[in-house]
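Heads up, the thing below is written out as structure tokens.
Taken together, the values in this text are just the output of simple stated rules run on the coordinates, not laboratory data. Computed from a predicted structure; not experimentally measured. Ideal geometry is used to build each Cβ from the backbone, glycine not excepted, and the neighbour counts take in all protein chains shown.
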Number of protein chains: 2
Amino acid sequence: MKLPDYTDVVKAHELIRPLVHRTPVLTSSSINLITGAQLYFKCENLQKVGAFKFRGACNAVFSLSDEQVARGVCTHSSGNHAAALALAARLCGVPAYIVMPSNAPSIKKKAVEGYGAQITFCEPTLASRESTLAEIAAKTGATEIHPYNNFEVIAGQGTAAKELLEEVGPLDILLCPIGGGGLLSGTSITGRELNSKGLVIAAEPEGADDAYRSFHAKKLIPSVNPKTIADGLLTSVGEINFRIIQRKTDEIVTVSERGIVQAMRMIWERMKIIVEPSSAVALAAILENKVEVKDKKIGVILSGGNVDLDNLPF
Amino acid sequence: MKLPDYTDVVKAHELIRPLVHRTPVLTSSSINLITGAQLYFKCENLQKVGAFKFRGACNAVFSLSDEQVARGVCTHSSGNHAAALALAARLCGVPAYIVMPSNAPSIKKKAVEGYGAQITFCEPTLASRESTLAEIAAKTGATEIHPYNNFEVIAGQGTAAKELLEEVGPLDILLCPIGGGGLLSGTSITGRELNSKGLVIAAEPEGADDAYRSFHAKKLIPSVNPKTIADGLLTSVGEINFRIIQRKTDEIVTVSERGIVQAMRMIWERMKIIVEPSSAVALAAILENKVEVKDKKIGVILSGGNVDLDNLPF
């Protein structure tokens, strides 16, 4: 299996640059003071659709052949990937078919509908999601775009770290959350190439620690009944992602639920930006001393900002 | 009385550039779609201390003579100016004496204390604030830095519009909120010089419309019992500010309380950034059709992001 490498990230960046926001890199004197480090936050919460997912989805959709474009794209997702794929497809003039569980939050349904995708609802089980998606793919001939276990998606996600490193220069550590591994595998590819003297470290919730366990066992161990407030990190690591992570990621650490909420609130209060719990996991790892950051220059990728304002954890 | 002009804004920018954040300019496709305009948001909510106030305070403190530096600065404020002056003074190594009403939110007290300022509490009346400040000024010889009715403060506030125009080019309209008039007078000076073909328009809450009434009556009419959720805009317009506004501002419009909360929530949800109610007043004016924006290129200055997360209006 050919794995994406840094030349694929560069190609992805050329392709998606006119479509994505070049998100700002923010710093906070007060969080630097608290952590004793120099932190550079790459704000993918300010990306289109409110998450880094738009980068990968764009690269996947705009890399389709003419024949594939005509038949469209499909995926199953209740989260940020659904909205990202729907918007990328609309920008490219490609039909998008999204399978969503019937219990998906209405705000997410509306977003996906708003981008003009065709939604098919199914039972909220993985089996039902997969069988419904297979049906739709068979009927329409649409190309499935997996949220993370996908060559082009991974290359697209690697562009966030590329922009960060190009803007702030070499970093001692690149830190990001890990769920399915799309962001981490892309970040690791870029980090190894552009920042070879630094480390790439990922943070994961204790309650959804399949990546942590897989990384240390050196084999893929799927998630069983994961539970965390970081709803973007419930998925199990993908196979392609894991291969890259095994080769190019330096460490995976875990953080507590309390630490996630505390870090999330700190980002809201001190930086005046809205991040979802999944985004706060990386800062939580610093605050819980899971990563040694003292006097170091650290890049933190904030993955997304989609939260329900009527249902905050604080 | 010599009024600040654009050369003072340029001087201020040279002085404060190393101290302030160059805040990002963000855009939102969805808000553009809703409003039918191209909006460029200058995010002073992401400025140090969470508000544009830091620009003016920095310029005032770093413009002091050596003799003044030794004796320190003072002000009375329960809001963003107190924190801004405290931090600017600390960076300059100047003592800061802040008079705060005893009922100021504890989060604001902590911020000011955290920056190392000496706080004196007083009764929550303007008379008590002014007499307490006069006492402290007499005792310490500290220079009073008024939150807005101050030459250097106005010049400093004008740097936000300068950065915005330098980044996005000519605008049809520059839009900002008006409270005491520090931001609007600075913005108007810059707008007239750098963007002479465009308009400068300010938005004010209906419940605190002294600037609106003063502007249209062509004389300063102080505020009486203002009431609005936009707590940064309760103050009456300053004399120096009003002179500039009369000469260089094109229009002032008012907005409803409901419109402010709606605009605030829209910015949180669509842009994933935290703005305080005062910041949302400018977008509220667009959403309430008080400003004609269709197909126009509009700069909106988001003034600050200091809100109590335990006490949100939605």
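Here is how the numbers come out for the structure above:
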| item | result |
| --- | --- |
| Counting DSSP beta bridges with both ends in chain A, the antiparallel % (nearest 5) | 10 percent |
| Alpha carbon centroid spacing (whole Å) that separates the range A:232-264 from the range A:1-41 | 17 Å |
| Descending Cα extents along the principal axes, chain B, whole Å | 56, 41, 38 |
| Global geometry of the range B:72-159, whether rounded, prolate or oblate, following the gyration tensor of its Cα atoms and the 1.5 cut on a/c | rounded |
| Per principal axis, descending, Cα span of the range B:26-175 in whole Å | 55, 34, 26 |
| Tail beyond 26 Å, pair distance distribution of the range B:170-314 (Cα, percent) | 18 percent |
| Nearest residue to the symmetry axis between A and B, taken on chain A by its Cβ, in whole Å | A:Pro24, 2 |
| Ranked packing of B:170-178, A:47-55, B:60-68, most packed first, by mean Cβ within 10 Å | A:47-55, B:170-178, B:60-68 |
| Most mobile of A:Ser214, A:Ser185, A:Ser102 in a GNM of chain A (Cα contacts under 10 Å) | A:Ser102 |
| Partner chain coverage, peptide A:269-281 - average Cβ within 10 angstrom | 4 |
| Pairs of lysines in the range B:170-314 (C-alpha under 30 Å apart; 8 or more residues apart or interchain) | 27 |
| Kyte-Doolittle at least -0.5, axis length at least 20 Å by Cα - qualifying DSSP helices, chain B | B:126-140, B:151-168 |
| Average beta-carbon neighbours from other chains, 10 Å sphere, peptide B:24-33 | 3 |
| Within-13-Å neighbourhood charge of A:Ile107 [Cβ basis; K, R +1; D, E -1] | -1 |
| GNM flexibility winner over chain A from A:Val168, A:Val20, A:Val200 (Cα, springs under 10 Å) | A:Val168 |
| Cα gyration tensor category, rounded, prolate or oblate, for the range A:18-85 with a/c compared to 1.5 | prolate |
| DSSP beta bridge pairing in the protein assembly as shown, given as percent antiparallel to the nearest 5 | 10 percent |
| Spherically averaged projected area of the protein assembly as shown from its Cα convex hull (nm²) | 27.5 nm² |
| Top of A:Ile286, A:Ile107, A:Ile154 by mean-square fluctuation, Gaussian network on chain A, Cα under 10 Å | A:Ile107 |
